[in-house]
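Below is one structure, written out as structure tokens; the observations come after it.
None of the figures in this text is laboratory data; all of them are computed from the coordinates on show. These numbers were taken from a predicted model, which means no experiment stands behind them. Note that we place each Cβ from the backbone using ideal geometry, even for glycine, and neighbour counts take in every protein chain shown.
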Amino acid sequence: MSFEFFHAVDTGRSRTNNEDSVAVDEANALAVLADGMGGYNAGEVASGMATSFICTELGRWLAQAAQRASDLEVRRAMDICVDNANRAIFNAANANPQYAGMGTTLVVAVFREGQLRLGHVGDSRAYRWRGGQLNQITRDHSLLQEQIDAGLITPEQAAFSANKNLVTRAVGVEDTVLLETHLHEVQPGDVYLMCSDGLSDMLDDPMIARLLQTHDALPAAGKALIDAANEAGGKDNIALILVRVAGGSAAPGRPWWKFGR
């Protein structure tokens, strides 16, 4: 099984700086996306720290562990990397008044033979396109999602809510953070979309599905999604990662080593 990647970041039409960040390690089938928040340029710092740190540290571990590591070990490595990134961002925010209060959302994906271990924090999302159907496979950590879950508002009302950008969990805001992770079966032909809310706030699921169905090549699909988000207003930075699952056998695994702090 092999994986094709495409990633892009766009400033959008309303912002002058870009606080979204992506990092991809194709050799280790690893993808990381973050949407920063905070004071002047601080969101950009937080998201850049998160993607760079996690992609480098987790990618190094995956290169050694390869396919012989169990899913439990992959999950533990993800938890440790995100915890270390969280502490680095939190400490930087406390050491530099200019960065006070900065933080970032996060989506991190590790693709392996037949499996996707997906983790997220905040309201950046992941979707799966399979057999002509689009499914959101993350659940936002946001006030809006909590209101939907409690039955206070409907998903249709949520589209017009003033609370869209209030997250209940973020990397770097506190000294600890809980990464929510889930294991998904992957199939040849699947396409996975990871994105910031600059995309998901501008485009509803039917529009995302229509664009994925219309554009087979990942670069064309990515460009179409960003263009559509900008045409819909482009009110925020836009970041996305697209991953297509192809058939084939995995490369032989190498001996794995324990991940230590």
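Worth pointing out:
- Hydrophobic, long helices, defined as DSSP H runs whose alpha-carbon span along the helix axis is 27 Å or greater and whose mean Kyte-Doolittle value is at least -0.5, occur in the chain at 42-65, 71-95.
- Every helix of 4 or more DSSP H residues in the chain counts as -39500 (n - 2.57), and over all residues that averages to -10500 deg cm²/dmol at 222 nm.
- When +1 charges are put on Lys and Arg Cβ atoms and -1 charges on Asp and Glu Cβ atoms, the dipole computed for the stretch 133-236 relative to its Cα centre reaches about 180 debye.
- Label sites at residue 63 and residue 130, each approximated as a point 7 angstrom past Cα along Cα to Cβ, lie 3.1 nm apart.
- Each label point was placed 7 Å from the Cα along the Cα-to-Cβ direction; for residue 214 and residue 150 their separation is 3.9 nm.
- Charging the Cβ of each Asp and Glu at -1 and of each Lys and Arg at +1, and nothing else, the dipole of the chain about its Cα centre rounds to 660 debye.
- Contact order normalised by residue count of the stretch 49-101, Cα under 8 Å, 6+ apart, percent: 45
- Cα shape, the chain, gyration tensor, a/c 1.5 rule: oblate
- Here the ratio of the Cα radius of gyration of the stretch 166-238 to 2.2 N^0.38 Å is 1.34.
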